[in-house]
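**Student:** Take this structure, written in structure tokens, and hold onto it; I'll ask about it next.
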Amino acid sequence: MSAETNPVEGNPLIKPSNTDHDLYESVVEACRSVYDPEIPVNIYDLGLIYTIEINDANEIMILMSLTAPGCPVAGDMPGWVADAVSPLPGVRQVDVMLVWEPPWGMEMMSDEARLELGFM
């Protein structure tokens, strides 16, 4: 996902993921195993995973959002993501944090998600 830039401050609205870490692709695939129960597309391709940050100790911080703040699984979905990522070999710790800025929008979906949902 590309980081949108705040034109006033020049800072990214979405903190970039460190995609060069050895665990990154495995974490992405684990995130793809989690689905929003109301939408038949995984949360990664929906664009709900904003940042995957992995430090040298293989501790992972995932920043994610939801399609709407009133999502009925808001309290559960971060735990589902942590449960999907935690068993990966080499992962020491996983923290998942919900963020609301920037708000999620349909433009954050991957082309695969748009196709699946009939938007392409």
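The values are calculated or read from the model by the stated rules, or taken from the named source; none is laboratory data. Here the structure is a predicted model, which means the values were calculated and not measured. Here the Cβ positions follow ideal geometry from the backbone for every residue, glycine too, while neighbour counts run over all protein chains shown.
**Student:** For segment 39-50, enumerate the residues that are surrounded by 15 or more Cβ atoms within 10 Å (Cβ to Cβ) and at negative phi.
**Tutor:** Restricting attention to segment 39-50, the residues satisfying the condition of being surrounded by 15 or more Cβ atoms within 10 Å (Cβ to Cβ) are 39, 41-50.
If the condition is that a residue be surrounded by 15 or more Cβ atoms within 10 Å (Cβ to Cβ) and at negative phi, then Ile39, Val41, Asn42, Ile43, Tyr44, Asp45, Leu46, Leu48, Ile49, Tyr50 are the ones that fit.
Table: residues versus (1) without any contact (Cβ under 8 Å) to a residue 40 or more places away in the chain; (2) within 28 Å of Met120 (Cβ to Cβ).
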| position | (1), (2) |
| --- | --- |
| Asp22 | no, no |
| Pro37 | yes, yes |
| Leu66 | yes, yes |
| Val73 | yes, yes |
| Met97 | yes, no |
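**Student:** Identify all residues within segment 7-54 that are modelled with pLDDT of 95 or more, small (Gly, Ala, Ser) and over 17 Å from Ser110 (Cα atoms); write none if there are none.
**Tutor:** Ser26
**Student:** So, one more: Working only within segment 103-120, note down all residues that are out of contact with any Leu (no Cβ under 8 Å at 6 or more places or on another chain) and among the aromatic types (Phe, Trp, Tyr).
**Tutor:** Phe119
**Student:** Answer with yes or no whether Arg32 is in contact with a helix residue (DSSP H, G or I) (Cβ under 6 Å, 6 or more places away or on another chain) and of a type in the set (Lys, Arg). Explain how you work it out, then say what you get.
**Tutor:** On the way: in contact with a helix residue (DSSP H, G or I) (Cβ under 6 Å, 6 or more places away or on another chain): yes; of a type in the set (Lys, Arg): yes.
Yes; evaluated as a whole, the condition is true for this residue.
**Student:** Just checking, how many residues over segment 51-101 are part of a loop (DSSP other than H, G, I, E, B), more than 14 Å from the chain's Cα centre (by Cα) and either surrounded by fewer than 17 Cβ atoms within 10 Å (Cβ to Cβ) or small (Gly, Ala, Ser) (or both)?
**Tutor:** Step one: list which residues in segment 51-101 are part of a loop (DSSP other than H, G, I, E, B), which gives 55-58, 65-76, 86-92, 99-101.
So of that shortlist, the ones also more than 14 Å from the chain's Cα centre (by Cα) come out as 55-58, 68-73, 75-76, 86-92.
Going one step further and asking which of them are either surrounded by fewer than 17 Cβ atoms within 10 Å (Cβ to Cβ) or small (Gly, Ala, Ser) (or both), we end up with 55-58, 68-70, 72-73, 75-76, 86-90, 92.
Residues that pass the stated criteria total 17.
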